């Protein structure tokens, strides 16, 4: 688990954010054009305006919903198949080529195919699912390799049923791996879903708005939506970390 | 009745651990097996407990017997508390009749676990996680777990080897005290003659592999 920042490090992180804003401001002063790079203040005002606009909830909510659907399917499949592959070498041999293919296919290739196969609303979900699933699944498989076989032997010796061994020995043992898989899946999946929205142009979606903003050279809106996407992703990460601390608290003792 | 292993043979690759080896353990007593490390004592326990199968030979008197195992390491689940670790190995209907409701079964398992926690003098640690306990306390939990299961035979594989001399002695005293209450068959493997002298009613001294019984004290 990542250690928390102490006071001094928080201060350094804050300075780092300030530096980012200063560089941004200097660049925007240099280009002197809202069509290339609007200043940070103007963009932050735009973020506020977007958040207060009538359809913000519909736009951001739809993207989040797509993310959640893709993520839920990827997590269930990834954890389930990952555990199965950890228990059975034969199934692992079967699953590995699929994972290799999914993991090494460029997101854009998946997107282009999905555009042909699916409706605009489900394209981003499909792309998100296909990018997140291998990450979760491979982490779970790594976790299964790390499970202490002597604990499994103990449980089998005491005639504990197979289901309970999976639920009470394997799953808690791989919980940290599940979390790290989910954490990288959310980061990468969220970006993939927005790429999907840019390409498929569903009615509502952060990606759709980015594409529109780009078409009309509303650079401030484009950057503002980007900031909103980053903030949402950061929010999910934080929620995940809180839930991880609660679930695997036995590690901290 | 006795637990009999008749003409057992077992090899690991080139190494022959048992060749036509026969031994008989009396029931209801603590039997110690003394021998140099690596001579096949653990293999013998694993064969008796069904974790390993002999290449050839016959086991008599094992049918229908339930076993507990006190491993060399405590083998506790780090994510379960002391009580949960003990409840984990208890069969669904271990402590009540077959018609009991799930809630009263759970209560029965809990009561059984707490009874054993008290007997190994870990009162107040039922809700602690293994990482919060010392090595000796963890091994006591593993002893409590072995006694909590209504087994016929307890197999012990050098469970005290990691502890200091004074602690070993008190642990053995506890162990024999708890054992007095139901006098199960115990097979206790060790390389330490002092441990054997303290606990055993019967002792076998093993040679290096392939194993022969050098001495049998009853």
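Applying the criterion of being free of Cβ contacts under 8 Å to residues at least 60 places away in the same chain and assigned to a helix (DSSP H, G or I) to the residues of segment A:206-228, the residue that is farthest from the other protein chains (Cβ to nearest Cβ) is A:215.
Among the residues making up segment A:178-204, those that are closer than 22 Å to residue A:118 by Cα and under 12 Å from the mean Cα position of the chain (by Cα) are A:188, A:189, A:190, A:191, A:192, A:193, A:194.
Within the span defined as segment B:152-165, one or more residues are assigned by TED's automatic domain parsing to the domain that holds residue B:2 and over 19 Å from the mean Cα position of the chain (by Cα). Residues that are free of Cβ contacts under 8 Å to residues at least 60 places away in the same chain, more than 9 Å from chain A (Cβ to nearest Cβ) and over 19 Å from residue A:151 (Cα atoms) do occur in segment B:143-164. Taking the criterion of being in a loop (DSSP other than H, G, I, E, B) and surrounded by fewer than 21 Cβ atoms within 10 Å (Cβ to Cβ), the residues of segment B:80-94 that qualify are B:80, B:81, B:91, B:92, B:93, B:94. For segment B:185-205, a residue qualifies if it is buried (at least 19 other Cβ atoms within 10 Å of the Cβ) and in contact with a helix residue (DSSP H, G or I) (Cβ under 9 Å, 6 or more places away or on another chain), and the qualifying residues are B:186, B:187, B:188, B:189, B:190, B:195, B:199, B:203. None of A:94, A:102 is within 30 Å of residue A:66 (Cβ to Cβ) and buried (at least 16 other Cβ atoms within 10 Å of the Cβ) except A:102. In segment B:206-215, what residues are in contact with a helix residue (DSSP H, G or I) (Cβ under 9 Å, 6 or more places away or on another chain) and either within 15 Å of residue B:156 (Cα to Cα) or assigned to a strand (DSSP E or B) (or both)? Correct list: B:206 only. Scanning segment B:125-143 for residues that are crowded, with 16+ Cβ neighbours inside 10 Å and not in a helix (DSSP H, G or I) yields B:125, B:126, B:128, B:129, B:133.
Within segment B:16-56, the residues that satisfy the criterion of being part of a strand (DSSP E or B), touching a helix residue (DSSP H, G or I) at 6+ places or on another chain (Cβ under 8 Å) and over 20 Å from residue B:186 (Cα atoms) are B:17, B:18. If we scan segment B:11-23, do we find a residue that is within 14 Å of another protein chain (Cβ to nearest Cβ), over 18 Å from the mean Cα position of the chain (by Cα) and more than 18 Å from residue A:159 (Cα to Cα)? Checking segment B:11-23: not a single residue is within 14 Å of another protein chain (Cβ to nearest Cβ), over 18 Å from the mean Cα position of the chain (by Cα) and more than 18 Å from residue A:159 (Cα to Cα).
Only residues that are within 28 Å of residue A:170 (Cα to Cα), crowded, with 18+ Cβ neighbours inside 10 Å and away from every other protein chain (no Cβ under 13 Å) were counted in segment B:48-79, giving 0. All of B:163, B:122 fail the test of being in contact with a helix residue (DSSP H, G or I) (Cβ under 9 Å, 6 or more places away or on another chain) and either modelled with pLDDT of 85 or more or surrounded by 20 or more Cβ atoms within 10 Å (Cβ to Cβ) (or both), apart from B:122. Does at least one position in segment B:44-54 carry a residue that is modelled with pLDDT under 85 and over 19 Å from the mean Cα position of the chain (by Cα)? No, there is no match, as no residue in segment B:44-54 is modelled with pLDDT under 85 and over 19 Å from the mean Cα position of the chain (by Cα). Applying the criterion of at least 3 residues that are away from chain B (no Cβ under 14 Å) and surrounded by fewer than 19 Cβ atoms within 10 Å (Cβ to Cβ) to the helices (runs of 4 or more DSSP H) found wholly in segment A:129-200 leaves A:171-200.
The values are calculated or read from the model by the stated rules, or taken from the named source; none is laboratory data. What you are looking at is a predicted structure, and each value in this text was computed from that prediction instead of being measured. Cβ sites come from the backbone with ideal geometry, for glycine too, and all protein chains shown count toward neighbours.
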